[in-house]
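Structure record follows, encoded as C-alpha cells.
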Amino acid sequence: SRLGALESSVGISKEDNKGDSEKVADTPAQRNALEALLEDERLSDAAATSPLRRSSGGVLGAYGGTRTFFGKNQTSFFDNTDGGNLGYQVGIAARYSMGAYFDVLGEGGLVSTGTAGDQSGASGPGFLLAGQLRLPVGKNASDAILIALGPGYERYSNKLTGTASMIMGLARVGYRHVFGQNFGLELAGYGGIAHATYVDTPLHGSIPDRDSGLIGLQIDLLLGF
C-alpha cells in the first residue's frame, strides 16, 4: 500500500502496474522520482529505528575533552593564579534514548587538572548523571541540538596537597551529527559550579571548603544499538 501511494504521487496509475517492476514507471522522470521517494522512505524507516535519531534504545560511546576551574579564593591544586589548572577528561558514556527528544545520560572516567607531579596537578575518577533534551535539526533527525543538565561527582588526589572531593552541578549545550543509522559524533561546551571539600592534606593542614566555576569542551563518539 505504501508503494502504491508513492507510485500515485509520481503519476503512475494502478492500471500501469501489472506486477512487472521494469514496466511500472514509463518514463525516466517517473523512475527517478519513484527511486528518490523510495530512498526517502528507507531513510525515514532507518531514523525510526535508531536511538540516535528517533527511536528508544541504548547508546554507548567514548568521550574526551579539556576543561578548567576558575574563580576567587582558590587553593591547592585548583589555584588559577599561574594558569596551571588546565585539565582534561576521558571516559565512557552510556545513554538510553527515551524516544525522539530525550536521553538519560551517564558518564564515567578519568579527570585531571594542572601539571602532573607538582602541587598544581591532581587526578581521579569523575562521574556525571544528566537528562538530555534533543532538538532535531533537518530531515530524519540527522542533526540535533543538545541541552543537558545534571549533577556530577569528581575526586582529585595529589601526594603533596591531599584529596579534594567535589560535588558539581553542570549544564551542557552541544550539537550531534549522525552518520548512517547508528553512528554519531557530538561536540559540546559545558559549565557549572563545583563545591570542593579537602581531606588528607599533609602539608597544608585543614583547608576550608571552596566553590569554583568550571568550563570545558567535550567530543563524543557514539554507537546506537
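If you filter segment 174-204 down to residues that are hydrophobic (A, V, I, L, M, F, W, C) and modelled with pLDDT of 90 or more, you find that the one that is nearest to G124 (Cα to Cα) is A194. Evaluating I219 against the criteria (1) in contact (Cβ under 8 Å) with a residue 40 or more places away in the chain; (2) more than 13 Å from the chain's Cα centre (by Cα) leaves one unmet condition, (2).
Do the conditions hold for Y198, that is, is it open to solvent by less than 50 Å² (accessible area, probe 1.4 Å), out of contact with any helix residue (DSSP H, G or I) (no Cβ under 6 Å at 6 or more places or on another chain) and aromatic (F, W, Y)? Don't jump to the end; show me each part of the working.
Working: open to solvent by less than 50 Å² (accessible area, probe 1.4 Å): yes; out of contact with any helix residue (DSSP H, G or I) (no Cβ under 6 Å at 6 or more places or on another chain): yes; aromatic (F, W, Y): yes.
The answer is yes for Y198.
The set of residues in segment 205-225 being at pLDDT below 95 and surrounded by 16 or more Cβ atoms within 10 Å (Cβ to Cβ) consists of I207, R210, S212, L214, G224. For segment 84-115, a residue qualifies if it is closer than 16 Å to T68 by Cβ and among the polar types (S, T, N, Q), and the qualifying residues are N85, Q89, S112, T113, T115. Hey, does segment 130-150 have a residue that's in contact (Cβ under 8 Å) with a residue 60 or more places away in the chain and of a type in the set (S, T, Y)? Yes. Return the residues of segment 9-60 that are modelled with pLDDT of 75 or more and over 35 Å from the mean Cα position of the chain (by Cα); say none if nothing qualifies. Selection gives T27, P28, A29, Q30, R31, N32, A33, L34.
The values are calculated or read from the model by the stated rules, or taken from the named source; none is laboratory data. The structure displayed is predicted, hence computed values, not measured ones. Note that each Cβ is placed from the backbone with ideal geometry, even for glycine, and that neighbours are counted across all protein chains shown. Calculation scope for accessible area: heavy atoms of the full protein, side chains included, ligands and nucleic acids excluded. Shrake-Rupley method; radii C 1.70, N 1.55, O 1.52, S 1.80 Å.
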